[in-house]
Amino acid sequence: MQAVHKYLGARPRLTLVLLAALLVILPFVVGAGLGNSWVRVLDFVLLYVLLALGLNIVVGYAGLLDLGYIAFYALGAYLYAWLASPHFGLHLPFWAVLPLGAALAGMFGVLLGAPTLRLRGDYLAIVTLGFGEIIRIFMNNLNAPFNLTNGPQGMNLIDPVSIGGVSLGRSLRVFGFTLPSTYLYYYLFLAATLLVIVIAMRLQDSRIGRAWAALREDEVAAAAMGINTRNVKLLAFAMGATFGGLAGGLFAAFQGFISPESFNLWESILVLCMIVLGGMGNIPGVILGAVLLTVIPEALRYLGDLQRATLGHVVVDPADLRMLLFGVALVAMMLFRPAGLLPSRQRKREFSAQDGVAEQEQADLYDARA
Amino acid sequence: MSLLSVRGLKVAYGGIQAVRGIDFEVAEGELVCLIGANGAGKSSTLKGVMGLAHPHGEVLFAGERLHKLPTHAIACLGLALVPEGRGIFGRLTVAENLDMGAYTRNDKVGVQADLSRAYELFPRLAERRGQLAGTLSGGEQQMLAIARALMGRPRLLLLDEPSMGLAPLMVMKIYETIAAIAREGVTILLVEQNANLALRVSQRAYVMESGAITLSGAASDLASDSQVRAAYLGD
């Protein structure tokens, strides 16, 4: 209950009801106000929130810098495509494939974690980066001698999620309303996101969560406290990867098409940026980061239209501008809010404790006199 | 029978032999110190006992062989290490640090009692329980590290250079506390460069030099030993 109050303020029930109502009507508001293409953006926002929450376990909670996180997303997506597309002629239902994809990704998480147990910081980052690229390159080349991934062409006609005979891949008519596919997926993704948020919150406050925090702060001391650092590290990799695999499966079903291109290094870095920007280790911060870094690039597309309308032609390609603004935003963040937009309790205090340094010197003096 | 008994302990890093086969004992309820100059192999000895380095030789704790056990398993047997440089969890609060010390315990009532005792022993920590441990002064951090180790109700407390980097008066305070903890019956193995202080609180002592034990005996005898006085006590 403590966690609920931490995030929802003094009147949690009211806040919760309002928040739920907002999330339910959000696609209709967005669809009516900005057009249905924005509901699709909303779907991607939720996928990235899932990814960011998963990576946050590895990076934010356990302090293990993972630059190959997108590989787990890829594994979840490819497993979904293998088991639910014409590629192998298999069409298993989503409720069977999604957990399998998440489990496969979790297994690979352990596989990545095991040989990197002794690595830290930059060294770990390099190895995980390599791992991410290896998975992508495998996907790119495993079309011969046996066609497993269909190479760079990717895999097509992946089955949409179908719940109780209702396919989410087509518009649904209920009570005279027509709900497009993107709306239906929104609710599925929302359910998955809420599930993952609850799990992430419970993990943070659990014994495991405390062990992760200790590991992040000082590995030797953590081991001396009786924490099995090896298992706890592997668990962080596995949990993070599992969420990534789940998001990957949802992504494959939603898009109906996947190719190695969707899983490049840039995506890993993007998800990491979401965490850093939003506030590492803090769930609302991570969600905010994912929302901003998905929505802002989409919004910038309008700059192209704006230029065409005012200047007659496109002077600056919004795609280029996106990267530039992205860089500026991150530099500004590091200067003005180094702990993130919504920092975790610890990081907020750590950074605000800069003036605490003077205080500490004072304390040292006091020590000397006491 | 001694609580900790070490036979032929060797610790090497790469090709460098830091500890060259030493024997020592710590009996239940004793405060034993291991003194010696910088680089004599004192910290490596503790690391060897705690499974943090790759030791050779025999380490028996309450009759159980520690050899090849991982650090967390050794900690679960009842050895608590206050590492060199304190090893506090800087971005956790004082209270959370103490809580981590009791990680392996699940007797809530006992943990609560030990927590009150820790705050009694270190009133400064009680004042600062909500503060991030990284913002504490050096002396307070050392207190926190010791208090945290005690939260595991260890059968043997290993202290690695508790005086390091602290102001002289703070060092005195830390040593008063160590003596108080020993009086309560906690067995302590203390590693210290500051021989003067260490000999004053200990019952027995071992002197280490270049990875070997060169002298041992009652702390009071060693404190008056002319060789020790010349080498470590500045006479």
Revision key, fill the gap. Flagged in region A:169-182 as without any contact (Cβ under 8 Å) to a residue 60 or more places away in the chain and either outside any loop (DSSP other than H, G, I, E, B) or under 20 Å from A:VAL41 (Cα atoms) (or both), in numbering order, are A:ARG170, A:SER171, A:LEU172, A:ARG173, A:VAL174, A:PHE177, A:THR178, A:LEU179, A:SER181
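For region A:271-281, indicate whether the set of residues that are more than 14 Å from chain B (Cβ to nearest Cβ) and of a type in the set (Gly, Ala, Ser) is non-empty.
In the first step, residues of region A:271-281 are kept if they are more than 14 Å from chain B (Cβ to nearest Cβ); the result is A:271-278.
Keeping just the survivors that are of a type in the set (Gly, Ala, Ser) gives A:278.
Within region A:271-281, one or more residues are more than 14 Å from chain B (Cβ to nearest Cβ) and of a type in the set (Gly, Ala, Ser).
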Review point. Does B:GLY130 satisfy being out of contact with any strand residue (DSSP E or B) (no Cβ under 6 Å at 6 or more places or on another chain) and either farther than 28 Å from B:LYS108 by Cβ or modelled with pLDDT of 90 or more (or both)?
Key: no
Point to revise | When residues of region A:31-51 are limited to those that are modelled with pLDDT under 90 and part of a helix (DSSP H, G or I), the one surrounded by the fewest Cβ atoms within 10 Å (Cβ to Cβ) | key: A:GLY33
Practice item. Can you give me the ranges of the helices (runs of 4 or more DSSP H) entirely in region B:132-222 with at least 1 residues that are at the interface with chain A (Cβ under 10 Å from one of its Cβ atoms) and among the β-branched types (Val, Ile, Thr)? Key: B:168-183
Point to revise | Unmet requirement for A:GLY106, which otherwise passes all of (1) part of a helix (DSSP H, G or I); (2) more than 26 Å from A:LEU203 (Cα to Cα); (3) in contact with a helix residue (DSSP H, G or I) (Cβ under 7 Å, 6 or more places away or on another chain) | key: (2)
Exercise for review: List the strands (runs of 3 or more DSSP E) that sit entirely inside region B:5-120 and contain at least 1 residues that are among the small types (Gly, Ala, Ser) and closer than 18 Å to B:ALA205 by Cα.
Suggested key: B:16-27, B:31-36
Practice item. Output the residue which, of all residues in region B:68-86 that are among the β-branched types (Val, Ile, Thr) and under 16 Å from A:THR229 (Cα atoms), is farthest from the other protein chains (Cβ to nearest Cβ). Key: B:ILE74
Exercise for review: Could you check, for region B:170-179, whether at least one of its residues is crowded, with 18+ Cβ neighbours inside 10 Å, in contact (Cβ under 8 Å) with a residue 40 or more places away in the chain and under 21 Å from B:ARG20 (Cβ atoms)?
Suggested key: no
Study note, to complete from the structure: Conditions (1) assigned to a helix (DSSP H, G or I); (2) aliphatic (A, V, I, L, M); (3) surrounded by 21 or more Cβ atoms within 10 Å (Cβ to Cβ) -> A:VAL198 fails only (3)
Practice item. Please enumerate the residues belonging to region A:167-223 that are within 14 Å of chain B (Cβ to nearest Cβ), over 21 Å from the mean Cα position of the chain (by Cα) and hydrophobic (A, V, I, L, M, F, W, C). Key: A:ALA211, A:ALA214, A:LEU215, A:VAL220, A:ALA221, A:ALA222, A:ALA223
Study note, to complete from the structure: Scanning region B:106-134 residue by residue, those crowded, with 17+ Cβ neighbours inside 10 Å and touching a residue at least 40 places away in the same chain (Cβ under 8 Å) turn out to be B:VAL111, B:LEU121, B:PHE122, B:LEU132, B:ALA133, B:GLY134
Exercise for review: Can you run down the residue pairs with Cβ atoms below 7 Å, 6 or more apart or on separate chains, where the first is in region A:278-290 and without any contact (Cβ under 8 Å) to a residue 12 or more places away in the chain and the partner is surrounded by 23 or more Cβ atoms within 10 Å (Cβ to Cβ) and part of a loop (DSSP other than H, G, I, E, B)?
Suggested key: none
Check your understanding: Going through region A:211-250 one residue at a time, which ones are crowded, with 24+ Cβ neighbours inside 10 Å and outside any helix (DSSP H, G or I)?
Key -> A:MET225, A:GLY226, A:ILE227
Exercise for review: Could you tell me whether A:ILE208 is crowded, with 18+ Cβ neighbours inside 10 Å and outside any helix (DSSP H, G or I)?
Suggested key: no
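The values are calculated or read from the model by the stated rules, or taken from the named source; none is laboratory data. These figures come from a predicted structure and were not determined experimentally. Positions of Cβ are generated from backbone atoms using ideal geometry, with glycine treated the same way; all protein chains shown enter the neighbour counts.
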